[in-house]
Amino acid sequence: MKFRHILIAVPFLAGTAQAAPTAEQAAQLGATLTPWGAIKAANADGTIPEYTGGLTKPPAGYDPKNPGARPDPFPEDKVLLRIDHKNMEQYKARLTPGTMAMMKKYPDFYINVYQSRRTAAYPQEVLDNSKKNATRCATINDDLGLDTSKGCGFGIPFPIPANGLEVMWNHDLRYRPTIMSKNMTVNYVKPSGEMVVTARGHNYKDYGFYDKSKDKPEMSLSFRMEYTGPTRLAGMNTLWHDMLSDSERRNYAYQPATRRVRLSPDSAADTPISATGGAQVYDEDQLFSGKKDRFQWKLIGRVEKYIPYNNFRAMYPMTPGGCDAAQRAKTTRFQNPECQRWELHRVWHVEATLKDGKRHVYGKRDFFIDEDSYSDGIAESYDKAGNLYRINQQMGAPAYEVPAPSITDNYVIDLISGVYMFNSVTGGYHVVPRLSPAQLSPDYLDKTIFK
């Protein structure tokens, strides 16, 4: 009954920062709740299984000498259910509004639903710190910053979230190892079906909330991108740091034509990302990224929804059964459904509405974020007239050898223009050592680090 009390109470705690969880609530972590706050038990009809520890061992086909390529551990799984415009009303309680809107708009769009597998797993120290964070993490600076002065860090910050902002902080600070994406392409697919590679290169993501060399974490994300193509971008390097104290983003760019490093203040919020052909804005990277000051965040509650999950085929095209970029772009206006795996999971539903006096291309946004990984999920964004504009589906899969619950990459569908974009990595997602502070400074941007 204790976890049931949380399920009912949470939707009403939708304002700004609330008091820390009570001792009774915190005691549920590791009992009826996982250490990061997901419900351990199966759902009522057993279609979401009980959490039993996640996926912690690589399958037999995993090659430690090629660690960036993770083969699908479930190649024998069969499609249990295909949902399209013909039968979607039967399953509408578990479909997001955006998924149903796509089925209505595109009669050839469908989702393949597979067995739900709760594969998310964490290192023990992350589990331990997530439980401790329940009583030592708090927001500051109008909830736009995180107070790390009392030991907050190194785990999910709010395992019993009281409001929408705390869920979004959990999404920002979800556990991921330091990752380099090798030979990444950004693929822009026109309504005609023509695919254009708008960017190519290597990127590095360092999650400072999990940097054990620091007593008090200072950054949520350090991101470095080295462009190898196309010609107009080749040789350019970009860098940004997202700060924990106030969520400010510090951006820098090196342009080989001028051989100078410049501040890049527009690499945030609703500025279109030129490297995606403008098909995505900066703060919808990974569902949401950056400062949260332009929206009111309301926690609707925890619900059961079909979302993309365990997408090894899309994430790792170089492994058996993998889908390369051309296969994924085989269809127009949306990605090839045969390259996607959907599962039923519990998700946190957060609604973001634009504040009075604030500017943004989106007037409302709905986020459906997996309770186990805080990575996988769907974001659905509406324009100021209330029309569904873009749908952001995160394609992700666990790094089982770490273990880490999910590495995800972007896939954004524009329902107005008919364009969609997605990232594809042919060189794999590699867990790498942290770069030094010097290598993550603007002074180092004129140098190439990755090969």
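The values are calculated or read from the model by the stated rules, or taken from the named source; none is laboratory data. The structure displayed is predicted, hence computed values, not measured ones. Glycine also receives a Cβ, built like all others from the backbone with ideal geometry; neighbour counts cover every protein chain displayed.
Remarks
- Put simply, of Asp84, Asp45, Asp72 the only residue that is within 23 Å of the chain's Cα centre (by Cα) and at pLDDT 95 or above is Asp72.
- Lone qualifier among Lys65, Lys131 - being assigned to a helix (DSSP H, G or I) and farther than 26 Å from Pro337 by Cβ: Lys131
- Single condition Arg176 does not satisfy, out of (1) out of contact with any Leu (no Cβ under 8 Å at 6 or more places or on another chain); (2) touching a residue at least 12 places away in the same chain (Cβ under 8 Å); (3) surrounded by fewer than 22 Cβ atoms within 10 Å (Cβ to Cβ); (4) within 20 Å of Cys137 (Cβ to Cβ): (3)
- Scanning the stretch 95-146 for residues that are under 22 Å from Gly418 (Cβ atoms) and without any contact (Cβ under 8 Å) to a residue 60 or more places away in the chain yields Met100, Met103, Lys104, Pro107.
- Residue within the stretch 350-357 that is more than 21 Å from Val419 (Cα to Cα), surrounded by 22 or more Cβ atoms within 10 Å (Cβ to Cβ), modelled with pLDDT of 95 or more and hydrophobic (A, V, I, L, M, F, W, C) present: yes
- Selection within the stretch 279-289 - in a loop (DSSP other than H, G, I, E, B) and either without any contact (Cβ under 8 Å) to a residue 12 or more places away in the chain or farther than 14 Å from Val167 by Cα (or both): Ala279, Gln280, Asp285, Gln286
- Residue check for Val186: touching a Phe, Trp or Tyr at 6+ places or on another chain (Cβ under 7 Å), under 25 Å from Phe422 (Cβ atoms) and part of a strand (DSSP E or B): no
- Note on the stretch 191-222: residues that are part of a helix (DSSP H, G or I) and touching a residue at least 60 places away in the same chain (Cβ under 8 Å) total 1.
- Checking each residue in the stretch 287-335 for being on the phi > 0 side of the Ramachandran plot and surrounded by fewer than 22 Cβ atoms within 10 Å (Cβ to Cβ) picks out Gly301, Gly321, Arg333.
- For the stretch 73-86, the set of residues classified as in a loop (DSSP other than H, G, I, E, B) and surrounded by 13 or more Cβ atoms within 10 Å (Cβ to Cβ) consists of Pro73, Phe74, Pro75, Asp77, Val79, Leu80, Asp84, His85, listed by residue number.
- Meets criteria (under 21 Å from the mean Cα position of the chain (by Cα), among the aliphatic types (A, V, I, L, M) and buried (at least 24 other Cβ atoms within 10 Å of the Cβ)) for Leu127: no
- Residue pairs whose Cβ atoms lie under 8 Å apart, separated by 6 or more positions or on different chains, with the first residue in the stretch 52-63 and more than 18 Å from Thr319 (Cα to Cα) and the second in a loop (DSSP other than H, G, I, E, B) and β-branched (Val, Ile, Thr), are Gly54/Thr119; Leu55/Thr119.
- Residues that are touching a Leu at 6+ places or on another chain (Cβ under 7 Å) and under 20 Å from Leu80 (Cα atoms) within the stretch 98-115 comprise Val113, Tyr114, Gln115, listed in sequence order.
- If the condition is being of a type in the set (Val, Ile, Thr) and either surrounded by 20 or more Cβ atoms within 10 Å (Cβ to Cβ) or within 21 Å of Pro75 (Cα to Cα) (or both), then the stretch 420-442 contributes Val425, Thr426.
- Among the residues making up the stretch 1-28, those that are buried (at least 19 other Cβ atoms within 10 Å of the Cβ), at pLDDT 50 or above and closer than 20 Å to Leu299 by Cα are Pro21, Gln25.
- Every residue from the stretch 241-278 that is outside any loop (DSSP other than H, G, I, E, B), among the small types (Gly, Ala, Ser) and either buried (at least 17 other Cβ atoms within 10 Å of the Cβ) or out of contact with any Leu (no Cβ under 9 Å at 6 or more places or on another chain) (or both): Ala253, Ala275
- The single condition among (1) within 25 Å of Glu284 (Cβ to Cβ); (2) over 22 Å from the mean Cα position of the chain (by Cα) that Lys205 does not satisfy is (2).
- Pairs are defined by a Cβ separation below 8 Å, a sequence spacing of at least 6 or placement on different chains, a first member in the stretch 223-240 that is closer than 12 Å to Tyr254 by Cα and without any contact (Cβ under 8 Å) to a residue 24 or more places away in the chain, and a second member that is part of a loop (DSSP other than H, G, I, E, B) and not aromatic (Phe, Trp, Tyr); the pairs so defined are Ala234/Pro256; Gly235/Pro256; Met236/Pro256.
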